[in-house]
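Values in this text are rule-based calculations from the coordinates and carry no lab data. Treat the numbers as computed from the prediction; the structure is a model and nothing was measured. In this analysis, Cβ positions are derived from the backbone assuming ideal geometry, glycine residues included, and neighbour counts consider all displayed protein chains.
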Amino acid sequence: MMKITPNLRKHALQFLVCTALSLTLFSCKKDKNPSSTILGEWYEKLPASTERHIHFYGDSVKFLIIDYSKPAVTPTTELKGTFIVKGDHLNINITETVSRENNKVISRAPFTGKIYENATFTVNDDKLTLNYTSYPADAPVASTTIFKRILPD
């Protein structure tokens, strides 16, 4: 039987402390770029055969409203711009609007504005939840929208 000396006990304790510390430091490593969790394509089904899509890539964003209730025309409104993520805060600035019918550009115009004002976000189980301020009837209202991730085939 092996005799446990004070020296062996000290080394075993040091080993356990170092192992626990290493596991804590490396297992709690967080994504240094929170915007990477939001990158990709997301959609939300709305009533009346309408969908909203939002695409985050690089520092650019594209927001689409697609009306499938008119299959012969399929009108689409597209907003393009940039986004910035700081922690769980999301700032989307729109710089251009494009109207399409059957993927053909009908109009294009520069635009300056924001969507999802004062937004914060969470990503859980391929769902993007945006909490933001909307202004129906010109009064600020706390609003929430949930998008689902579009997964590649």
- Message: I need the full set of residues from the stretch 54-91 which are within 16 Å of TYR43 (Cβ to Cβ) and within 17 Å of the chain's Cα centre (by Cα), in order please.
- Response: ILE54, HIS55, PHE56, TYR57, VAL61, LYS62, PHE63, LEU64, LEU79
- Message: Looking only at the stretch 95-126, filter to residues that are among the small types (Gly, Ala, Ser) and free of Cβ contacts under 8 Å to residues at least 24 places away in the same chain; which one of those is farthest from THR37 (Cα to Cα)?
- Response: SER107
